[in-house]
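Right, one structure below, let's go through it.
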Amino acid sequence: MNTALLNRLRQSWLYTAYWSWRRPEIIARRDGEVNFYRAFVKPGALVFDIGANHGQKTDVFLRAGAGRVVAVDPDPFNIDTLMDKFWRYRRYPLPVEIRQKAISSRKGRAKLNAPFPGSALASITPVQSDGAFTEFDCLTVTLDQFVLEYGLPAFIKIDVEGHELQVLQGLSRPVPLSFEVNLPENRAKGEACMVELERKFPEGEFSYIVECADGLQSGWRPYAEFLKVYARISAPSIEVFWRPAP
């Protein structure tokens, strides 16, 4: 089957119907994510999906009620996939802005390193590996620039494979957000992100998830308390959440 059509089918009711019959746990997991993110994404909300890859989280945000999602990825292969899923072969494109950019601490240019086109492991942070990596030239912008262009989002999801700190350095306004941390290898990088958020927005609170279906694992805690929780986490991958204190 044509790859573009296959991508489009993955964003259709036929995909949901097929997997609801074939492997209902796949759809149940997706629906669990949708229910979880409804706490952050109110109907009509603007969301930034930074490191959108193939649009799995973009889809979840739309299902949660987002009125507009800005899906950002520097990989041209991923941009093509996002267009297939959300724009092409539709009478009316879904409310997704697709931008081929890398988000960083300043506007400029960078090299995207990827094991292969479309990889979820692509990063503009230098990669140390014995394997072969493909390099793409990409433009960098900051979150502040996107806020000026699109408005202040209700939520920002960040998944940029080790470049999270630089993304946060380009944000000057408090916005509920999440960022991925792979443990134990990136524990120090995750803590550096928390330090940056605490420095800029000292009234914020932190929590984390391992799986959306299990919900927030620690409740909302101030920086100093959450660091103690963070030091004891043994899961291989978590998503850290931050929000301004209510």
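The values are calculated or read from the model by the stated rules, or taken from the named source; none is laboratory data. Only a predicted model underlies this, so the values are computations on that prediction, with no experimental measurement involved. Because the Cβ atoms are built from the backbone with ideal geometry, glycine has one as well, and the counts that use them run over all protein chains shown.
Provide a single number: the residues in region 173-192 that are surrounded by fewer than 16 Cβ atoms within 10 Å (Cβ to Cβ) and in contact with a strand residue (DSSP E or B) (Cβ under 6 Å, 6 or more places away or on another chain).
1
What are the residues in region 191-212 that are under 19 Å from the mean Cα position of the chain (by Cα) and either part of a loop (DSSP other than H, G, I, E, B) or farther than 19 Å from Phe155 by Cβ (or both), if any?
Selection gives Glu191, Ala192, Val210, Glu211.
Can you work out which of the residues in region 164-206 that are in contact (Cβ under 8 Å) with a residue 24 or more places away in the chain and among the small types (Gly, Ala, Ser) is nearest to Arg38 (Cα to Cα)?
Ser178
Conditions: (1) among the basic types (Lys, Arg); (2) farther than 23 Å from His163 by Cα; (3) in contact with a Pro (Cβ under 9 Å, 6 or more places away or on another chain). Arg8 meets all but one. Number of the miss?
(3)
Identify all residues within region 213-227 that are modelled with pLDDT under 95 and either in a helix (DSSP H, G or I) or at negative phi (or both); write none if there are none.
Kept after step one, since they are modelled with pLDDT under 95, are these residues of region 213-227: 213-219.
Hits for region 213-227 are Ala213, Asp214, Leu216, Gln217, Ser218.
Write out, first by first residue and then by second, each pair whose Cβ atoms fall under 8 Å of each other, whose residues are 6+ apart or on separate chains, and whose first residue, in region 52-73, is of a type in the set (Ser, Thr, Tyr) while the second is surrounded by 20 or more Cβ atoms within 10 Å (Cβ to Cβ) and in a strand (DSSP E or B).
Thr58/Asp49; Thr58/Val69; Thr58/Ala71; Thr58/Val96
In region 193-241, how many residues are within 21 Å of Val167 (Cβ to Cβ), among the charged types (D, E, K, R) and surrounded by 15 or more Cβ atoms within 10 Å (Cβ to Cβ)?
Adding up the residues that qualify gives 4.
Residue-by-condition table, conditions (1) under 15 Å from the mean Cα position of the chain (by Cα); (2) assigned to a helix (DSSP H, G or I); (3) among the polar types (S, T, N, Q):
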{"residue": "Glu149", "(1), (2), (3)": "no, yes, no"}
{"residue": "Pro153", "(1), (2), (3)": "yes, no, no"}
{"residue": "Gly162", "(1), (2), (3)": "yes, no, no"}
{"residue": "Gln166", "(1), (2), (3)": "yes, yes, yes"}
{"residue": "Ser172", "(1), (2), (3)": "no, no, yes"}
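Answer yes or no as to whether Ile233 is more than 21 Å from Asp49 (Cα to Cα), touching a residue at least 40 places away in the same chain (Cβ under 8 Å), among the β-branched types (Val, Ile, Thr) and not assigned by TED's automatic domain parsing to the domain that holds Ile124.
On the way: more than 21 Å from Asp49 (Cα to Cα): yes; touching a residue at least 40 places away in the same chain (Cβ under 8 Å): yes; among the β-branched types (Val, Ile, Thr): yes; not assigned by TED's automatic domain parsing to the domain that holds Ile124: yes.
Yes.
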